[in-house]
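> Dumping the structure here so I can ask a few things about it.
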Amino acid sequence: GWQTLVKSGSLSYVLPCNRLPVQLMSQVRVYTSNGQKKDLGSEDTNVSRAEDTVPKGAAGQDANSAGQKQSFLKQPIQVKVKAVLKKREYGPKYTQNNFITGVRAINEFCLKSSDLDQLRKIKRRSPHDDTETFTVYLRSDVEAKSLEVWGSPEALARERKRRKEAEIEYRENLFRNQRLLREYKEFFGNTKPRSSTAAMFLKGPGKVVMVAICINGLNFIFKLLAWVYTGSASMFSEAIHSLADTCNQALLALGISQSARTPDPSHPYGFTNMRYIASLISGVGIFMMGAGLSWYHGIMGLLHPHPIESLLWAYCILAGSLVSEGATLLVAINEIRRSARAKGLSFYQYVVQSRDPSTNVVLLEDAAAVLSVAVAATCMGLTSLTGNPYYDSLGSLGVGTLLGTVSAFLIYTNTEALLGKSIQPEQLQRLTELLESDAVVRAIHDVKATDMGMSKVRFKAEVDFDGRVVTRSYLEKQDIEQLLQEIQQVKTLEELEAFMLKHGENIIDTLGAEVDRLEKDLKQRNPDVRHVDLEIL
């Protein structure tokens, strides 16, 4: 053995280290320096030899110091060692116990649905809202079945390569496949229900856009004839204005039809932003086509004035255009009022927030059309009274300025919507309070709520869950007496590990169920919330 002398003042303490007692799980065992273990009450001759090797100079000290050293030597040092599980290395063998869905098993391991019928089926909590549970398979079973079907890993790899090449070939011939699909739909069209795309143009924003297309198209034809007859710059601006409105509203109709497409793997959140894209392009078109040509024609009229023929027919056409544009404007106003009332917003808030971009474009274009008709009629009247053609050219510049203002507003509002602006602070506060009022939530952080367009909101938050409440929620569904018996039967570390792993996995499933419940509550109390992402802290 070895010894250590610690001197403090006139005292000297000798620590015999040739035996080290260790207490583990309420059982004290003594480990000697040579690796042998003995009971605490057994005699050890090494202690006597260690005591004999104390220097004689130390023995000559006073009796009190000798008595303290002797009592200290007789008391062994007890060290409590905490029992912990050995850290386990999880390799590929352990991950074979992971679950895999049937779709992935068929796609990744080149199996058929009939091949999965013979495998073990496990019911797990479903991540989808429409189903409570769904069937999964053990990955090890699926791998074994694939080897049984294909014979060897090499054959499976060849089949995967062949399918990958077939997929690439399919993508390259996508246009041909789409054409064949359209022919298939046309052939079986009488046996399938009618598409809902056509119904979109019979009500709501689609109806407003179709009415505007018809009216503006007729206005363009009549205004063009009036310009050819009179040569008025203001009438030319009005004709260009109606043509721009017709083209832009046709573009809006295309955006409405495209926004109704169902989500696909490439666009998991759908195509609702197509309405904003169409409205943005419409705003750019108004600026380039309507405002640009009106300014150009007005400037040319100022630089090269020419006399204007009789404006009688022009006045008649402007009067008819005022009536038709006013009727379309009333249709758009009524639609926006109805939608704003349903959302609990004012008319101004609904327009500024660009809740319905298609109807907003029709509203602003028709409002600009009515004002531009008034401007054109006023300038043409001044030209008729004074005989000065400059008034008519100024009217063309006024119409162009009005169109430029409308296009700038449309570009700004639709750009803001496409960038993904946040929802209103009051609505975000309601969502936050709903989460914080739940007992299972301790705190929430990094809250984001993005308006995806067309009354669709994506909500994201990092949630600090109360583990005690989650555990209690799990225990409320268990038989406490049976659980107590399981605890009492635990005697070894292996049994304790098995017990904790069993109930730990169940508690994690309970936590997942609580997340699903919170997401469902958010969607039910706030219909605009379509996508909820809750991250667990």
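> So if I check each of GLY326, GLY298, which one is among the small types (Gly, Ala, Ser), more than 16 Å from SER237 (Cβ to Cβ), touching an Asp or Glu at 6+ places or on another chain (Cβ under 9 Å) and open to solvent by less than 40 Å² (accessible area, probe 1.4 Å)?
So the residue among GLY326, GLY298 that is among the small types (Gly, Ala, Ser), more than 16 Å from SER237 (Cβ to Cβ), touching an Asp or Glu at 6+ places or on another chain (Cβ under 9 Å) and open to solvent by less than 40 Å² (accessible area, probe 1.4 Å) is GLY326.
> A further question on this structure: Kindly indicate which of LEU363, LEU394, LEU385 is assigned by the TED database to the domain that holds VAL209 and without any contact (Cβ under 8 Å) to a residue 24 or more places away in the chain.
Of LEU363, LEU394, LEU385, the one residue that is assigned by the TED database to the domain that holds VAL209 and without any contact (Cβ under 8 Å) to a residue 24 or more places away in the chain is LEU385.
> If you go through the range 382-426 one residue at a time, how many are part of a helix (DSSP H, G or I), out of contact with any Asp or Glu (no Cβ under 8 Å at 6 or more places or on another chain) and over 25 Å from ALA314 (Cβ atoms)?
13
> Can I ask one more? Can you give me the number of residues within the range 523-537 that are in a helix (DSSP H, G or I) and farther than 13 Å from LYS456 by Cα?
Qualifying residue count, the range 523-537: 2.
> Is there a residue being surrounded by 17 or more Cβ atoms within 10 Å (Cβ to Cβ) and among the aromatic types (Phe, Trp, Tyr) anywhere in the range 338-349?
No; the residues of the range 338-349 include none that is surrounded by 17 or more Cβ atoms within 10 Å (Cβ to Cβ) and among the aromatic types (Phe, Trp, Tyr).
> Could I ask something else about it? Say whether the condition of being at negative phi and within 34 Å of the chain's Cα centre (by Cα) is met by at least one residue in the range 235-249.
yes
> Then there's this: Of all residues in the range 505-537, which are exposed (fewer than 11 other Cβ atoms within 10 Å of the Cβ) and not polar (S, T, N, Q)?
Result: GLU505, PRO527.
The values are calculated or read from the model by the stated rules, or taken from the named source; none is laboratory data. This one's a predicted model, so the numbers in the text were calculated from it and none came from an experiment. Note that each Cβ is placed from the backbone with ideal geometry, even for glycine, and that neighbours are counted across all protein chains shown. Quick note on the areas: whole protein, heavy atoms, side chains included, nothing else; ligands and nucleic acids left out. Shrake-Rupley method; radii C 1.70, N 1.55, O 1.52, S 1.80 Å.
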